[in-house]
Amino acid sequence: MIRTALRPWQRKLCHWVFPRERAALFVDPRLGKTLVAVRWAVARGYTDVLVIAPYSAFDAWRKTLHAEGMKWSEFTGLRRERQEAFFVYLGGFALINYEALIRRKKKGGFPGKKIDPAIDVWSHDWDAVVLDESYRIANPRSAISKTIVREMERRQQRAARLILTGLPRPENDLDYFQQLRFLGADIAGAADFWKYRMYQCYNPPGTHEYFLKREAKLALGCRLAKHAIFLKRTDVRPGQLEKQYERVLVRVDGRTRKVLDKIEDDFILEIDGEIVAKTVHTLVTFHWMRKLLGGVHPDYVYHDKVTAACELINETLRGEQVLIWCDYVDEGHLLSDVFSAPFICGEVDIQDRSAMVRRFQSQQTRVLVCQPQAMKYGVDLSAASASVYYSSPLGLDTRVQSEDRMINLSQKTVKLIYDIVCENTVEEAICDGLKKKANADATLREIVAGVKARIERRTHR
């Protein structure tokens, strides 16, 4: 049987990962890490492989497994359907989404009483467990993270382990811990996140953030150099520009500026001298300001940002395939009406999403409006020549993943990315913050690259 031909960088990844029983592939989206994971399992002779992935990434796994001639099962659908699929599982790859692993609250029982999920996948003796988009377990407080790390420690100690993600630390270096803890306590450097944070981090006065001490950061770099491999698209195609960024600044009129200042200073939404709402929560004021600037706040009309979007898409990008990203569902419905374009959010059925994407990819639809959280994994939107962020997502992971949906290595064109930002507002702070996070990620990668270079020099002596 003719299998998928490996590209040069995929052969390099295979050469590195095949000898390892536990490893991390921190590889940019669109570089084929799914194929490398399948080849790793086959090369090591694993016949029972559990793949935990976001449901939106299933399509990429299906295509890869089909091309490789592998058999697979999917534990999806209603509880009964998942249970039946698990009972008739006879080996091969098994796909399950993260949410299916969470313990559910028992209806009508005591408060806080919980029951096991409909299928207990951990009762099976898996040869290997693959965690796709492993950043999903980075938060040690989340139910998904607790469940996966606990069950791997208790009932899957002998299983080989592989984690895949393109952006392992979008917020902080501590994002690495739970992902490496999935591979093993020895690889993470400790068994407990909270003790690790207590002894290996410092907390700057007046902040709630924790940062790794210098010695701990170097130690993390050494562990990553041994157990992880990083691959960016700039390593595959050095010197080639993939994305070009530009901000479209929108001036804020005096009346709107007065409303924003009142919200920011006094936590009061006051319009033309009338107090509409009050709050004591900073997060509430944050959403007030973003919705107001986006033109979807129910108590205030502001259309300057929508006008800027119309000028950009109908004039500057006339004739181009355009993706519009918006963080709020109300903004999506507004833009969908303005541009007569389909809108994909979490409420849209998977089959309907696929149909909308096919129409966009075949250029039957020029504009597609998307919510980043719903479309950041496993979707090919490479027909787009430009992305317009009407409101940017807050997390660097979501932002980068959504940007990469339109990247295709076979295309040589530069993709345009526009941020529509209101001047001197919270929107500028969001964009600046995302840029700082991206630079911090690059710093640790430089440490890892330095450690690997020293190891290679010692090997060749």
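Just so you know, all these numbers are worked out from the coordinates, no wet-lab data involved. This is a predicted model, so every value here is computed, not measured. Heads up, the Cβs are rebuilt from the backbone with ideal geometry, glycines too, and the neighbour counts pull from every protein chain shown.
Annotations for the structure displayed:
- Gain on full stretching of the segment that runs from Gln363 to Asn203 - 0.36 nm per residue minus C-alpha separation: 52.5 nm
- One chain, two ends: Arg158 and Arg79. Fully extended at 0.36 nm per residue, the span grows by 25.7 nm beyond their Cα-Cα distance.
- FRET E, pair Lys213, Asp432, Förster distance 22 Å, beta-carbon r, rounded to 0.05: 0.25
- Estimated vicinal HN-Hα couplings, Hz - the range 289-306 in sequence order (Karplus 6.51, -1.76, 1.60; Gly, Pro = x): 5, 5, 5, 4, 5, x, x, 10, 6, x, 9, 8, 9, 9, 10, 5, 6, 4
- Whole-Hz Karplus values for the range 121-129 come out as 5, 6, 6, 7, 8, 7, 6, 8, 10 Hz, taken residue by residue from phi with 6.51 cos²θ - 1.76 cosθ + 1.60 and θ = phi - 60°; glycine and proline positions read x.
- Of (1) 60, 58, 48; (2) 69, 63, 53; (3) 102, 79, 44, the label for Cα extents along the principal axes in Å derived from the coordinates: (2)
- The range 141-186: C-alpha gyration tensor shape, a/c 1.5 cut-off, then a/b vs b/c: prolate
- Global form of the range 243-437, assessed from the alpha-carbon gyration tensor, a/c cut-off 1.5: prolate
- When peptides 318-324, 197-203, 290-296 are ranked by their average number of other Cβ atoms within 10 Å per residue, the highest-first order is 290-296, 318-324, 197-203.
- Computed E for Ser340/Arg251 - FRET, C-beta separation, R0 30 angstrom, nearest 0.05: 0.65
- Sequence-separation-based contact order of the range 243-437, relative, with Cα cut under 8 Å and 6+ spacing, percent: 26 percent
- Listed peptides 207-219, 83-95 appear in the order 83-95, 207-219 once ranked by packing, highest mean of other Cβ atoms within 10 Å at the front.
- The angle between the Cα long axis of helix 329-339 and the longest principal axis of the Cα atoms of the chain comes to about 70 degrees, rounded to the nearest 10.
- Protection-proxy order for peptides 365-371, 353-359, each taking the mean of Cβ atoms within 10 Å per residue, highest first: 365-371, 353-359
- Interchain or long-range residues, amide H under 5 Å from Ala277's placed H: Leu269
- Charge tally for Ala383 (other residues, Cβ to Cβ under 12 Å; Lys, Arg +1; Asp, Glu -1): +3.
- FRET E, pair Asp186, Glu347, Förster distance 35 Å, beta-carbon r, rounded to 0.05: 0.20
- The distance separating the Cα centre of the range 361-409 from that of the range 166-225 comes to 30 Å.
- In this structure, the pairs whose alpha-carbon distance is over 20 Å, taken from Lys376/Lys437; Lys33/Lys232; Lys213/Lys437; Lys232/Lys412; Lys33/Lys415; Lys12/Lys226, are Lys33/Lys415.
- Residues with amide H under 5 Å from that of Asp419, placed H, sequence gap 5 or more: Glu246, Arg247, Val248, Tyr389
- Amide H contacts of Asp327 (H built 1.01 Å from N, in plane; Pro and chain starts excluded): Ser391 sit under 5 Å, all sequence-distant by 5 or more or on other chains.
- Helix 426-460 vs. the chain, principal-axis angle (Cα, 0 to 90°, nearest 10): 20 degrees
- In a fully extended conformation the segment linking Arg7 and Arg150 would gain 47.8 nm over its present Cα-Cα distance, using 0.36 nm per residue.
- Mean separation of Cα contacts under 8 Å (6+ apart) over length of the chain, as relative contact order %: 15 percent
- Centroid-to-centroid separation of the range 1-45 and the range 298-329 [C-alpha atoms, Å]: 40 Å
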